[in-house]
1. Write out, first by first residue and then by second, each pair whose Cβ atoms fall under 7 Å of each other, whose residues are 6+ apart or on separate chains, and whose first residue, in the range 134-146, is assigned to a helix (DSSP H, G or I) while the second is of a type outside the set (Lys, Arg) and open to solvent by 40 Å² or more (accessible area, probe 1.4 Å).
2. Tell me, yes or no, whether the range 91-103 has at least one residue that is surrounded by 12 or more Cβ atoms within 10 Å (Cβ to Cβ), under 20 Å from the mean Cα position of the chain (by Cα) and under 30 Å from residue 140 (Cβ atoms).
3. Enumerate the pairs (first residue in the range 45-69 and on the phi > 0 side of the Ramachandran plot and in a loop (DSSP other than H, G, I, E, B); second residue anywhere and at pLDDT below 85 and of a type outside the set (Lys, Arg)) with beta-carbon separation below 7 Å, excluding pairs fewer than 6 apart on the same chain, so at least 6 apart or on different chains.
4. Please verify whether the range 117-128 includes one or more residues that are assigned to a loop (DSSP other than H, G, I, E, B), of a type in the set (Phe, Trp, Tyr) and either more than 27 Å from residue 12 (Cβ to Cβ) or open to solvent by less than 50 Å² (accessible area, probe 1.4 Å) (or both).
5. Exactly one condition in (1) at pLDDT below 85; (2) among the aliphatic types (A, V, I, L, M); (3) part of a helix (DSSP H, G or I) is not met by residue 94; state its number.
Amino acid sequence: LQDSGEGRLGLRPELTPSIARAVVTRMTDSQPQRLCYRANVFRNPPEGYHGKQMEFFQAGIELLFAGGVRADAEILLLLTDCLTQLGLTDWQLILGDAGLTRSLLAKLPTHLQTAVRDCITRLDYVELSQLPYPDDEAKNLALQLF
């Protein structure tokens with residue numbers, strides 16, 4: 001953006017790059033670090049998007065220098081605690097972890113794994129329930145993964 005003078009203004013489209021930059025340049029301790037943030041961010045309007053809000057607020061957390069299942073579990077537990085504190089009771093969480101998905105799909109017959117994954121990706125419950133499963137156990141597993 002140009003300001004009223006000769007200067008240029010930069011607006012954050014999201015906070016993750018700023019957090020990553022701060023970590024790389026300012027944090028030398030490799031012990032697990034837990035950060036949280038909230039601030040306004042800005043989006044470029046899509047074509048034909050006139051007069052709509054382009055400023056949004058983003059909040060997030062980062063668990064740095066930690067990995068694996070325990071770190072993932074910590075973040076998921078924090079999320080569930082936040083939703084509970086907000087008084088939300090009827091919510092669902094969709095996880096998109098390729099490793100987790102592969103390990104869960106490995107329990108299905110090989111010839112069905114891609115079809116089940118594609119149905120889950122498209123959130124297509126109808127097609128998922130109609131795939132040619134060899135038995136009820138495989139079908140129940142696929143539907144449970146959904």
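1. Matching pairs, first to second residue: 145/104; 145/120.
2. First pass over the range 91-103, keeping only residues surrounded by 12 or more Cβ atoms within 10 Å (Cβ to Cβ): 100-101.
Narrowing the set further to residues that are under 20 Å from the mean Cα position of the chain (by Cα) leaves 100-101.
Add one more test, that the residue is under 30 Å from residue 140 (Cβ atoms), and what stays is 100-101.
Yes: the range 91-103 contains one or more residues that are surrounded by 12 or more Cβ atoms within 10 Å (Cβ to Cβ), under 20 Å from the mean Cα position of the chain (by Cα) and under 30 Å from residue 140 (Cβ atoms).
3. 65/30
4. Initially, the range 117-128 is screened for residues assigned to a loop (DSSP other than H, G, I, E, B), giving 122-124.
Now restrict to residues that are of a type in the set (Phe, Trp, Tyr): none.
Looking through the range 117-128, none of the residues is assigned to a loop (DSSP other than H, G, I, E, B), of a type in the set (Phe, Trp, Tyr) and either more than 27 Å from residue 12 (Cβ to Cβ) or open to solvent by less than 50 Å² (accessible area, probe 1.4 Å) (or both).
5. Condition (3) is where residue 94 drops out.
The values are calculated or read from the model by the stated rules, or taken from the named source; none is laboratory data. Note that this is a predicted model, so its numbers are computed, not measured. Heads up, the Cβs are rebuilt from the backbone with ideal geometry, glycines too, and the neighbour counts pull from every protein chain shown. Surface areas here come from the heavy atoms of the whole protein model, side chains and all, with no ligands, DNA or RNA. Shrake-Rupley method; radii C 1.70, N 1.55, O 1.52, S 1.80 Å.
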